[in-house]
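The values are calculated or read from the model by the stated rules, or taken from the named source; none is laboratory data. The model shown is predicted, which means the values in this text are computed figures rather than measured ones. Here Cβ is always computed from backbone atoms with ideal geometry, including for glycine, and neighbour counts include all displayed protein chains.
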Amino acid sequence: MHEVLTATTERHERAAHAHGSVWSSLREPLVQGNKSYADITNDVASPLDRKASTAWWVAFIISVAVLIVGLASIAYQVMTGVGVWGLNNTVGWAFDITNFVFWIGIGHAGTLISAILFLFRQKWRTSVNRSAEAMTLFAVMCAGIFPIIHTGRPWLALWLIPYPNFRGPLWVNFRSPLV
């Protein structure tokens, strides 16, 4: 394996001398110390071979308990109605919509972090960008849950899709937001 890394480095050096500045930006290999692909694979996969610690199991059990409470709360809200979250005729913004706005804001923050680091051409930005972009994706997924729950009956979401009125202007739906 060391021969492959050395041959690659020598090839890059020859290319840098032959082609000038285009190839001179190539850097040395990131993995040093005469490691083979098997050694690198073993180093990366070694945490998966260990037994989970007690702290991990405690955190896992707490997470599952919170998940069960959340699912039970959603089931209770679907059976009882959206008034459970404080939504009624006088209050148009309940917990579900405020949570939606919160998660959208978190998603914007991840995009902003990634964009600022890119604009300032930071060399160390790659790991932070990955985390920020992953945060954005997961925040948008979390935000997408709340409008579905906000409808109160997600299995009737098909009724929300607008369709054209072929009956003419005689039977206009005045309550429709499309009028």
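Table: residues versus (1) touching a residue at least 40 places away in the same chain (Cβ under 8 Å); (2) out of contact with any Pro (no Cβ under 7 Å at 6 or more places or on another chain); (3) aliphatic (A, V, I, L, M); (4) loosely packed, with under 10 Cβ neighbours inside 10 Å.
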| residue | (1), (2), (3), (4) |
| --- | --- |
| Asp43 | no, yes, no, no |
| Arg50 | no, yes, no, yes |
| Val64 | no, yes, yes, no |
| Trp85 | no, yes, no, no |
| Val91 | no, yes, yes, no |
| Asp96 | yes, yes, no, no |
| Ile104 | no, yes, yes, no |
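Based on what the data block shows, is Gln77 at pLDDT below 90, touching a helix residue (DSSP H, G or I) at 6+ places or on another chain (Cβ under 6 Å) and either more than 30 Å from Ala143 (Cα to Cα) or not acidic (Asp, Glu) (or both)?
Yes: the conditions hold for Gln77.
Please go through region 70-103 and pick out each residue that is part of a loop (DSSP other than H, G, I, E, B) and among the hydroxyl-bearing types (Ser, Thr, Tyr). I'd like the intermediate steps shown before the answer.
At the first step, the residues of region 70-103 found to be part of a loop (DSSP other than H, G, I, E, B) are 81, 86-94.
Answer for region 70-103, where residues must be part of a loop (DSSP other than H, G, I, E, B) and among the hydroxyl-bearing types (Ser, Thr, Tyr): just Thr90.
Taking region 154-163, which residues are modelled with pLDDT of 80 or more and out of contact with any helix residue (DSSP H, G or I) (no Cβ under 6 Å at 6 or more places or on another chain)?
Selection gives Trp155, Leu156.
Checking the structure you have, find out if any residue of region 108-124 is under 30 Å from Arg153 (Cα atoms) and assigned to a helix (DSSP H, G or I). Spell out how you get there, then give the answer.
First pass over region 108-124, keeping only residues under 30 Å from Arg153 (Cα atoms): 108.
Among the residues that remain, those that are also assigned to a helix (DSSP H, G or I) are: 108.
Yes - at least one qualifying residue is present in region 108-124.
Based on this model, can you work out whether Leu67 counts as in contact with a Lys or Arg (Cβ under 7 Å, 6 or more places away or on another chain), hydrophobic (A, V, I, L, M, F, W, C) and either under 27 Å from Ile148 (Cα atoms) or in a helix (DSSP H, G or I) (or both)? Before you say what the answer is, go through the steps one by one.
On the way: in contact with a Lys or Arg (Cβ under 7 Å, 6 or more places away or on another chain): no; hydrophobic (A, V, I, L, M, F, W, C): yes; either under 27 Å from Ile148 (Cα atoms) or in a helix (DSSP H, G or I) (or both): yes.
Against the criterion (in contact with a Lys or Arg (Cβ under 7 Å, 6 or more places away or on another chain), hydrophobic (A, V, I, L, M, F, W, C) and either under 27 Å from Ile148 (Cα atoms) or in a helix (DSSP H, G or I) (or both)), Leu67 does not qualify.
Return the residue satisfying two criteria in turn: it lies in region 121-151 and is of a type in the set (Val, Ile, Thr) and closer than 26 Å to Ile74 by Cα, and of such residues it is farthest from the chain's Cα centre (by Cα).
At the first step, the residues of region 121-151 found to be of a type in the set (Val, Ile, Thr) are 126, 128, 136, 140, 145, 148-149, 151.
After this cut, where a residue has to be closer than 26 Å to Ile74 by Cα as well, the list is 136, 140, 145, 148-149, 151.
On the way: Thr136: 5, Val140: 7, Ile145: 13, Ile148: 18, Ile149: 20, Thr151: 24 Å.
Of everything passing the filter in region 121-151, Thr151 is farthest from the chain's Cα centre (by Cα).
Regarding region 132-149, can at least one residue be identified that is touching a residue at least 40 places away in the same chain (Cβ under 8 Å), within 23 Å of Val84 (Cα to Cα) and β-branched (Val, Ile, Thr)?
yes
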